[in-house]
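Engineer: Just passing along the structure, written as structure tokens.
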Amino acid sequence: MGIQQTARGRRPAVAVALVASAALMVSGCGGNSDKGTKSQSSATKSSSTKSTGSSTQDSSPPTPEPTATLAQIKGGQGITVTINSATRDTGGFVTVSGTLTNNGQSVFNALGWRGQEVAVQKSGSSLAGATLVDEAGKKRYYVLRDTEGLCLCTMGLTLISPGETRPIFAQFPAPPKSTTEVDFQLPTMPPAKITISEG
């Protein structure tokens with residue numbers, strides 16, 4: 001009995017452990033390429049969802065439909081704002097998306113678009129001063145803000161060169177579902193009537 005018998009008794013246990021490890025390694029490596037693709041696809045969907053949500057650090061807006069134009073607003077210095085979509089989301093907000101184009105001769109900074117409210121000054125050159133006006137309901141909706149007081153909108157709208165186009169967006173509290181048309185207003189620019197679609 002002694003050492004030799006104990007060593008023999010351990011051999012089957014070691015062999016079973018090695019076989020189990022090999023089986024796990026094979027199942028981990030083989031035949032699950034679909035699963036990897038699915039998780040990769042989910043990660044992509046998840047990251048794209050985050051980029052269209054209320055992230056304040058990422059000022060990149062949701063990509064608007066390039067063919068749809070709800071309104072085009074022309075202001076001073078050759079600045080044109082094109083609104084491509086105004087979508088009501090299930091979370092209770094409306095996301096307005098579009099583009100800003102500098103058709104002028106000089107560099108443009110959107111500092112005047114942040115509005116006069118002290119609370120939004122930290123958003124800098126942004127769409128923080130934008131509003132949606134529901135004339136029928138006699139209500140004005142301001143851009144939403146995060147817990148740090150930064151607008152849920154495009155920020156960093158500085159040094160926009162002549163001929164340059166940048167994507168823009170702003171999120172607002174959603175008017176009642178019965179309200180489908182509102183005025184989009186931006187400081188220093190004329191108002192524009194836009195239609196809200198369901199997301």
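Engineer: In the set Gly137, Gly124, Gly129, Gly199, which member is surrounded by 13 or more Cβ atoms within 10 Å (Cβ to Cβ), more than 20 Å from Lys74 (Cα to Cα) and touching a helix residue (DSSP H, G or I) at 6+ places or on another chain (Cβ under 7 Å)? Give the derivation first.
Structural biologist: On the way: Gly137 fails: touching a helix residue (DSSP H, G or I) at 6+ places or on another chain (Cβ under 7 Å); Gly129 fails: more than 20 Å from Lys74 (Cα to Cα); Gly199 fails: touching a helix residue (DSSP H, G or I) at 6+ places or on another chain (Cβ under 7 Å).
Criteria check complete, one pass: Gly124.
Engineer: So if I check each of Gly91, Gly156, which one is within 25 Å of Lys74 (Cβ to Cβ), surrounded by fewer than 18 Cβ atoms within 10 Å (Cβ to Cβ) and of a type in the set (Gly, Ala, Ser)?
Structural biologist: Numbers: Gly91 fails: within 25 Å of Lys74 (Cβ to Cβ).
Just a single option satisfies the conditions, and that option is Gly156.
Engineer: Also: From the list Pro167, Pro187, Pro162, Pro176, which one is part of a loop (DSSP other than H, G, I, E, B) and crowded, with 16+ Cβ neighbours inside 10 Å? First the steps, then the outcome.
Structural biologist: On the way: Pro167 fails: part of a loop (DSSP other than H, G, I, E, B); Pro162 fails: crowded, with 16+ Cβ neighbours inside 10 Å; Pro176 fails: crowded, with 16+ Cβ neighbours inside 10 Å.
It is Pro187.
Engineer: Tally the residues that are crowded, with 18+ Cβ neighbours inside 10 Å and over 18 Å from Cys151 (Cα atoms), restricting the search to segment 94-105.
Structural biologist: Taking segment 94-105 and keeping what is crowded, with 18+ Cβ neighbours inside 10 Å, we get 94-102.
Right, trim to over 18 Å from Cys151 (Cα atoms) and you get 101-102.
Of the residues in that region, 2 qualify.
Engineer: Among the residues of segment 127-156, write down those that are under 19 Å from Pro191 (Cβ atoms), in contact (Cβ under 8 Å) with a residue 12 or more places away in the chain, out of contact with any Leu (no Cβ under 6 Å at 6 or more places or on another chain) and part of a loop (DSSP other than H, G, I, E, B).
Structural biologist: Leu127, Ala128, Gly129, Glu135, Ala136, Gly137, Val143
Engineer: Whether any residue in segment 180-193 is more than 21 Å from Phe93 (Cβ to Cβ), under 22 Å from the mean Cα position of the chain (by Cα) and at pLDDT 90 or above is what I want to check.
Structural biologist: no
The values are calculated or read from the model by the stated rules, or taken from the named source; none is laboratory data. Because the structure is predicted, anything quoted here is derived from the model rather than measured. Reconstructed Cβ throughout: ideal geometry from the backbone, glycine too, with neighbour counts over all protein chains shown.
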